[in-house]
Amino acid sequence: TKKSTFEIQTLTGWLLKQEQAGVIDAELTIVLSSISMACKQIASLVQRASVSNLTGVQGAVNIQGEDQKKLDVVSNEEEDVPVAVEESYSGNYIVVFDPLDGSSNIDAAVSTGSIFGIYSPNDECLADVGDDDSTRCVVSVCQPGSNLLASGYCMYSSSVIFVLTIGNGVFAFSLDPMYGEFLLTQEKIQIPKAGKIYSFNEGNYQLWDDKLKKYIDDLKDPGPSGKPYSSRYIGSLVGDFHRTLLYGGIYGYPRDKKSKNGKLRLLYECAPMSFIVEQAGGKGSDGQNRILDITPVEIHQRVPLYIGSQEEVEKLEKYLA
Ligand code: P6P
């Protein structure tokens, strides 16, 4: 039966319910509300990019030497967001985030997304993060993804969808532009145990190791059913992951001869997505190890990522063993 508007829960209402139930505390409620507000602002910027001349490159490059899009810079406003500094850190939570993942898609209006993860501070300092930040010790993110208290993403696509887990299942909230509110649209999402969709950038095929090539070749074998796997790849982790979460299958960004640890970042891409997928009954692996068991030793550490339906990830792991 169709719910009346009054029954439909807003994200704000849902968070307050979780707080009343003692699942999260007031501070985490505020942190999550702030993140959802930031995502609404990024959604507005992304959807108006072409008309507000915010497409194209900013002209600078990021810490990895990649061209920064204008929207990368705007979405990641750091001036007014103090980097947590050990001596003055006072909050109880650390937020790691990728403000606009897949931003190379912006100019073609293809899905992009923001990814975040929330930890309690660890008592260790990760490391000096570089000369210009030598006075700052980035407060403890050197902990495995299994310590995540919450993680989520906001996908900017044909609709704007905020997907969140606080450790009791995966929930999706769709932005209703009429109210400017995220409304609960899916509860306790479960990823299909298997799915015949694989999402890899096969342009790198020649750079992959032979075991992986064999895996991909076998997915294309029609087999007794006469139906091979389908390939779907939009070059945006959030969009490719969201489709995998709902339809099943596997997304992979392998290591290759060019990039010995693959391309994706453990801390603010692979671990948050792996927390979500495990909460939905799926798996996140680097090909051998559970992503959530890996402790980062460097903030921008890359790891290979294979994530999706349990049976599909386990099948991949067998090929790579
Ligand atoms: P490639 C976007 O740059 C990103 O970080 C992910 O969102 C996406 O899945 C991947 O890289 C695309 O990388 O090498 O296939 O263009």
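May I ask you to list the residues of segment 164-208 whose amide nitrogen lies under 16 Å from a point 7 Å from Cα along the Cα→beta-carbon direction of Met37?
Answer for this model: 180-182.
Using the Cα centre of the chain as origin and beta-carbon charges of +1 (Lys, Arg) and -1 (Asp, Glu), tell me which of Pro304, His242, Cys142 is placed farthest towards the positive end of the dipole.
Comparing the listed Cα positions along the dipole, His242 ranks first.
Tell me the relative contact order for the chain as a rounded percent, counting alpha carbon contacts under 8 Å between residues six or more apart.
Relative contact order for the chain comes out at 16 percent.
Might you report the magnitude of the Cβ-based charge dipole of the chain about its Cα centre, with Lys and Arg at +1 and Asp and Glu at -1, to the nearest 20 debye?
1620 debye
Taking every Cα atom in the chain, find the radius of gyration and the maximum pairwise distance Dmax, and write them in Å.
In Å, with Rg to one decimal and Dmax whole: 19.6, 63.
Starting from the Cα of Gln186, step 7 Å toward the Cβ, then list every residue of segment 259-280 with an amide N under 14 Å from that point.
Taking a point 7 Å out along Cα→Cβ of Gln186, the residues of segment 259-280 whose backbone N falls under 14 Å are 276-280.
Treat each spin label as a single point 7 Å out from the Cα along the C-beta direction, and report the Ser230 to Asp209 distance in nm.
Taking the two extended label points, one gets 3.2 nm.
With a 1.4 Å probe and all protein chains left in place, how much accessible area per residue does the chain have, in Å²?
For the chain, the solvent-accessible area averages 48 Å² per residue.
How many angstrom lie between the Cα centre of segment 29-69 and the Cα centre of segment 263-321?
26 Å
Subtract the Cα-Cα distance of Arg48 and Lys17 from 0.36 nm times their separation in residues, and report this length gain in nm to one decimal.
Extra length from Arg48 to Lys17 when fully extended: 7.8 nm.
At Lys315 and Ser104, where each label point lies 7 Å from the Cα along Cα→Cβ, what is the point-to-point distance in nanometres?
It works out to 2.8 nm between the two label points.
Working out 0.36 nm times the residue gap between Gln58 and Asp217, then minus their Cα-Cα distance, what length gain in nm do you get to one decimal?
So the extension gain works out to 53.3 nm.
With charges set only on the Cβ (+1 for Lys and Arg, -1 for Asp and Glu), what does the dipole of segment 242-321 come to about its Cα centre, in debye to the nearest 20?
Its charge dipole is roughly 380 debye.
Enumerate the calculated ³J(HN,Hα) couplings along segment 285-292 in order (Karplus 6.51 cos²θ - 1.76 cosθ + 1.60, θ = phi - 60°), each rounded to whole Hz, writing x wherever the residue is Gly or Pro.
For segment 285-292, the Karplus-derived couplings read 9, 9, x, 10, 10, 5, 4, 6 Hz, x marking Gly and Pro.
Using only DSSP helix segments of four residues or longer, with each worth -39500 (n - 2.57), what per-residue ellipticity at 222 nm results for the chain after dividing by its residue count and rounding to 500?
The helix contribution divided over the chain gives -7500 deg cm²/dmol.
How many percent of the accessible area of the chain is carbon or sulfur, using a 1.4 Å probe?
51 percent
When Lys and Arg each count +1 and Asp and Glu each count -1, what net charge do the other residues less than 12 Å away from Arg290, Cβ to Cβ, add up to?
Net charge around Arg290: -4.
Can you give me the distance in nm between label points at Asn92 and Ser158, each placed 7 Å from the Cα along the Cα-to-Cβ direction?
Output for this residue pair reads 4.2 nm.
Sequence gap at least 6, Cα distance under 8 Å: using those rules, report the relative contact order of segment 192-321 to the nearest whole percent.
Reported as a whole number, the value is 31 percent.
Can you give me the Cα centroid spacing of segment 167-200 and segment 215-253 in angstrom?
Computed from Cα coordinates, the inter-centre distance equals 19 Å.
The values are calculated or read from the model by the stated rules, or taken from the named source; none is laboratory data. Just so we're clear, the structure is a prediction, and the values are computed from it rather than from any experiment. So basically every Cβ, Gly included, is an ideal-geometry build from the backbone, and we count neighbours across all protein chains shown. Ligands, DNA and RNA are stripped out before the accessible areas are found, and what is left, the full protein with its side chains, is counted by its heavy atoms. Shrake-Rupley method; radii C 1.70, N 1.55, O 1.52, S 1.80 Å.
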